[in-house]
Every structure is written in structure tokens, then in C-alpha cells.
Amino acid sequence: MAIKGHFESVISVVITVTIVIGTLATESVIYSATSTNDFGPLAPQIITFPAKDFNPPLLLQLTYTAFIGTSLVPVIRVGPENFDWFIVSD
């Protein structure tokens, strides 16, 4: 049996973005947001969000990690990813 034509269903997906200082999901959360979006099953999506960290710990090196999850499908993160930071401290 052959199916011809273009078929695209829309899927409602909940996306959660969490940014922490460090590399583990259990570390200090500086940003978290949840959004429900309607996506095509294979359509790449660009997601932007603002995150600010005021008065971060005074360390020689700060590591920030973004954890991104969805309600229905696995996330395939395709680069480039970009973090732009402006850190302010006393």
C-alpha cells in the first residue's frame, strides 16, 4: 500500500527550560519556564528566552547548564546554541 501526498499533524507539546549554576539539575536554579506549543512532528523549532543572574557567587569560573525537556517526544538539540550573559555583582 502506498500513501501519496503530504500529511502533517500538529502535536501539542509542553516544553520546560531550566537553567542552573553548575552541571546538575539539582543545583541552584536561576531560570525556569514552561510553555505549551503546537508543533509539526519533525519541524525544527527555535526557542528564545531571557535569563538573568544577579549577584552570582564570586568564583573564578561559573558554569551554567540548560536542561530542556518535553512532554511527548525526546528533545534532539541541534546547534548552534548560544548563551549570552551579562553578569553583575557588587
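The values are calculated or read from the model by the stated rules, or taken from the named source; none is laboratory data. If you're wondering where the values come from, they're calculated on a predicted model, not measured in any experiment. So basically every Cβ, Gly included, is an ideal-geometry build from the backbone, and we count neighbours across all protein chains shown.
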Somewhere in the stretch 35-47, is a residue in contact with a strand residue (DSSP E or B) (Cβ under 6 Å, 6 or more places away or on another chain), modelled with pLDDT of 80 or more and not aliphatic (A, V, I, L, M)? yes
Give the number of residues within the stretch 52-87 that are in contact with a strand residue (DSSP E or B) (Cβ under 6 Å, 6 or more places away or on another chain) and at pLDDT below 70. 1
Could you tell me how many of the residues in the stretch 14-31 are surrounded by 13 or more Cβ atoms within 10 Å (Cβ to Cβ) and under 23 Å from GLN45 (Cα atoms)? 7
